[in-house]
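Computed from the coordinates by the stated procedures, all read-outs in this text should not be read as laboratory data. Since the model is a prediction, treat every value here as computed from it, not as a measurement. Cβ placement follows ideal geometry from the backbone for every residue including glycine, while neighbour counts extend to all protein chains displayed.
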Amino acid sequence: MENNELLTAIINFVLYFGISMVFLVVFKFAYTLVTPHDEWQLIKEEQSVAAAIGFGGAIIGFSLALASAASNSVSLIDFATWGAIALIAQCFAFALVRFGFMPRIVQRIEDNEISAGIMLGVMNVAIGLLNAACMSY
């Protein structure tokens with residue numbers, strides 16, 4: 001690899017990685033807006049294992065989809081577009097669990113029911129995996 005190619009590769013890495021970090025911060029705020037409970041308060045102040053598992057699964061699921069978007073994109077705009085789609089899909093995952101599979105998920109997470117946290121986390125990872133696979137165009 002020539003010096004110019006190496007420098008271009010490093011710059012691209014920094015750009016994609018930097019945008020990914022911004023997306024993770026945006027996702028943290030967007031996801032907590034979608035959920036009626038405050039994950040950070042439950043995790044930090046109440047040491048809620050259920051909230052940590054559910055939110056951790058959401059972060060992993062989103063990161064899987066974001067990684068697929070980064071590795072399959074043809075430009076930064078393409079990456080940002082698919083990153084936004086991944087964010088929307090992960091927020092949809094919570095709605096799917098809340099309104100489709102477990103209507104009492106919010107109360108169960110607030111009550112620190114670990115089984116509910118596990119199911120929410122698993123669903124979030126599953127949506128992320130499916131999202132990532134669908135982005136491999």
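Here are some notes:
- Taking packing as the residue-averaged number of other Cβ atoms within 10 angstrom, the listed peptides 56-66, 2-12, 102-112 run from highest to lowest as 56-66, 102-112, 2-12.
- The residue 115 and residue 67 beta-carbon pair, evaluated with R₀ = 30 Å, returns a calculated FRET efficiency of approximately 0.60.
- Entry for Rg/Rh (Cα atoms, Kirkwood Rh) (calculated from the structure that is shown) out of (i) 1.07; (ii) 1.10; (iii) 0.97: (i)
- Sites residue 99 and residue 126, calculated FRET efficiency, Cβ-Cβ separation with R0 25 Å, nearest 0.05: 0.90
- Summing charges over all other residues whose Cβ lies under 12 Å from the Cβ of residue 58, with Lys and Arg as +1 and Asp and Glu as -1, gives 0.
- Computed helical MRE - 222 nm, the chain, DSSP H runs ≥ 4 contributing -39500 (n - 2.57), nearest 500: -26500 deg cm²/dmol
- Size of electric dipole in the chain: Cβ of Lys, Arg +1 and of Asp, Glu -1, about Cα centre, debye, nearest 20: 260
- Residue among 50, 34, 132 farthest towards the positive dipole end of the stretch 20-137, charges placed on Cβ: 132
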